[in-house]
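The values are calculated or read from the model by the stated rules, or taken from the named source; none is laboratory data. Quick caveat: nothing in here was measured; it's all calculated off a predicted structure. A quick note on method: Cβ atoms are made from the backbone with ideal geometry, for glycine too, and the neighbour counts reach across all protein chains shown. Accessible surface is based on the protein model in full, side chains and every heavy atom, while ligands, DNA and RNA are left aside. Shrake-Rupley method; radii C 1.70, N 1.55, O 1.52, S 1.80 Å.
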Amino acid sequence: MNSVKKTNKCLVVHEDTKTGGIAGEIAAMLCEKAFGDLDGPLMRVTSLDTPVPVRADAGRIFSSQCEKGFSAAKELARY
């Protein structure tokens with residue numbers, strides 16, 4: 001909450017799926033308690049919205065979403 005009040009922005013990043021993930025809960029809390037402090041949209045960067053793969057090589061694809069995070073941060077900074 002303090003960070004949102006200080007920067008007026010929020011980007012939640014985590015390695016789980018978007019649907020049913022902890023980022024949604026964090027976003028909900030921030031919308032309830034700090035919505036008035038936001039100057040732009042509260043954004044989430046998550047992994048693919050699919051079941052978590054079992055194979056190691058598929059897991060790397062599932063969790064390698066760094067570029068999405070950089071793009072979202074740049075987009076949020078424009079607000």
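For region 1-25, how many residues meet the condition of being open to solvent by 60 Å² or more (accessible area, probe 1.4 Å) and over 20 Å from Arg78 (Cα atoms)?
Taking region 1-25 and keeping what is open to solvent by 60 Å² or more (accessible area, probe 1.4 Å), we get 1-3, 5-7, 13, 15-16, 18-20, 22, 25.
Adding the requirement that they be over 20 Å from Arg78 (Cα atoms) leaves 1-2, 15-16, 18-20, 22, 25.
Qualifying residue count, region 1-25: 9.
Filter region 33-79 for residues that are over 23 Å from Asn2 (Cβ atoms) and of a type in the set (A, V, I, L, M); which is modelled with the highest pLDDT?
So, considering only residues that are over 23 Å from Asn2 (Cβ atoms) and of a type in the set (A, V, I, L, M), the one modelled with the highest pLDDT is Leu48.
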